[in-house]
Amino acid sequence: MMTNFAIGESHAKIILFGEHSAVYGKGAITLPIFKLKVSVKLTTNLKNNEIESDIYNGSLINAPLEFNGIKSLIFHMFKINNLENYFINIKFENNIPIGRGLGSSAAVSCAIIKAFYKFFNLDLTHSKLISLINISEQIIHGNPSGIDAQTVTSESPIFFENNEIKKVPFNFDGDIIITDTEKVGSTKEAVSIVRKLIDKNPEEYELINQLGNIVKNAKKSIDNKNIENIGNLMNKSQNILSYFGISTNEINDIIKISNYNGALGSKITGSGLGGCVISLSKDSFTTKKIIKSLQNNGYKKNWIQPLKDFEME
Ligand code: MEV
């Protein structure tokens, strides 16, 4: 019934457009980031369930708070599959920075689920995978829109609209530069800041509508290969996200440096309050210039995602 070991893998994600408004049912455009990966190796254990990772080694039951989502997920999988008499060892290799809006929590859950279902030779459909990821996401984030779960399980960029999911081709040159503020941002806290603002001033909900419209315009600009407009829409999104109070000095600084050095637009990606900034560059010359300047200013953790990787017929 069981194999000797099983490996599950997943990757990071960025939200190009639509963070926060997605929580209110608006659309989003997200991209998988294959350079940043998590791999989970699952083997059998004799006495208890154990975790081996960079941040914690020990029993699953005594794992620190940040493992709460994973803990519930694993116990849930044992329970629904009547496997409560088995014990496993779960070894992580993760190069997705944690708490930076890059979907690390959803990716880690995804890798664990894939490894678990392979290990016990169980059938895993895409919809089961998504609903299991969202079990741990709910514990970590409260009220996830589900876009992280969809993107860490996708091989292509996604356009979400009215609960529909479509692949989006990017048939043009350009790079997305991802820059890490190296500060952890709490999704739960950021979502609650936006919620409180809207509860206090219901007319601010108009900004959620505006973010939703930006997503629609961005989809048209991607289809029309209008990279300048995509950049403008990134700056527009950022103005709204910043008004929500989820930008930080580091985020603002990275945006200023990137746009000054030729980025067509820059914004938070993910929940904000730290995490990462994404900037759009039209060619590799500009990308190099932006990264050099960011690094000279102390922002040394950058990743380049060429849009050409997302070409489709
Ligand atoms: C988090 O990556 C994105 C948010 O929109 C929350 C969510 O969609 O669940 C802030």
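Every read-out reported here was derived from the displayed coordinates using simple, explicitly stated rules and does not represent laboratory data. All values derive from a computational prediction rather than experimental measurement. Neighbour counts run over all protein chains shown; Cβ positions are idealised from the backbone, glycine included.
Per residue, the average separation of C-alpha pairs within less than 8 Å and at least 6 apart gives the stretch 169-310 a relative contact order of 44 percent. Listed by Cβ neighbour count within 10 Å, with the fewest neighbours leading, 309, 223 appear as 223, 309.
Charging the Cβ of each Asp and Glu at -1 and of each Lys and Arg at +1, and nothing else, the dipole of the chain about its Cα centre rounds to 220 debye. The listed peptides 76-83, 233-240, 121-128, ordered by packing as a protection proxy, come out as 233-240, 76-83, 121-128 (highest mean of other Cβ atoms within 10 Å first). For the stretch 169-310, a crude dipole built from +1 on the beta carbon of Lys and Arg and -1 on the beta carbon of Asp and Glu, taken about the Cα centre, is about 180 debye to the nearest 20.
Counting only other residues whose beta carbon sits under 12 Å from that of residue 209, what net charge do I get with K and R as +1, D and E as -1? Residues close to residue 209 contribute a combined charge of -1. Between residue 167 and residue 72, the modelled label-to-label distance comes to 3.4 nm, taking each label 7 Å out from Cα in the direction of the beta carbon. With K and R counted +1 and D and E -1, the other residues having a Cβ less than 15 Å from that of residue 136 yield a net charge of +2. Under the combined filter of DSSP loop state and at most 16 neighbouring Cβ atoms within 10 Å, the stretch 1-76 retains these chymotrypsin sites (Phe, Trp or Tyr not before Pro): 56. The sum of -39500 (n - 2.57) across all DSSP H runs of n ≥ 4, divided by the residue count of the chain, sets its helix-only mean residue ellipticity at 222 nm to -13000 deg cm²/dmol. Between residue 61 and residue 209, the simple label model (points 7 Å from Cα in the Cβ direction) yields a spacing of 5.4 nm. Our note on the geometry: Cα centres of the stretch 152-177 and the stretch 191-266, 18 Å apart. Using the Cβ-Cβ distance between residue 243 and residue 98 with R0 set to 25 Å, the FRET efficiency from 1/(1 + (r/R0)^6) comes to roughly 0.35.
Projecting label points 7 angstrom from Cα along Cα→Cβ for residue 84 and residue 39 puts them 3.5 nm apart. Between beta-carbons, use under 10 Å as the cut-off and find the net charge around residue 308, counting Lys and Arg +1, Asp and Glu -1. Once positives and negatives cancel, what remains is -4. Within a straight-line Cα-Cα reach of under 21 Å, residue 35 can be paired with the following lysines, leaving aside sequence neighbours fewer than 8 residues apart in one chain: 13, 91, 114, 167, 183, 267, 282, 288, 292, 300, 301, 308. Taking 0.36 nm per residue of separation and subtracting the Cα-Cα distance, full extension of the segment from residue 304 to residue 220 would add 27.9 nm.
Dividing the mean sequence gap of close Cα pairs (under 8 Å, 6+ apart) by how many residues the stretch 5-161 holds gives a relative contact order of 36 percent.
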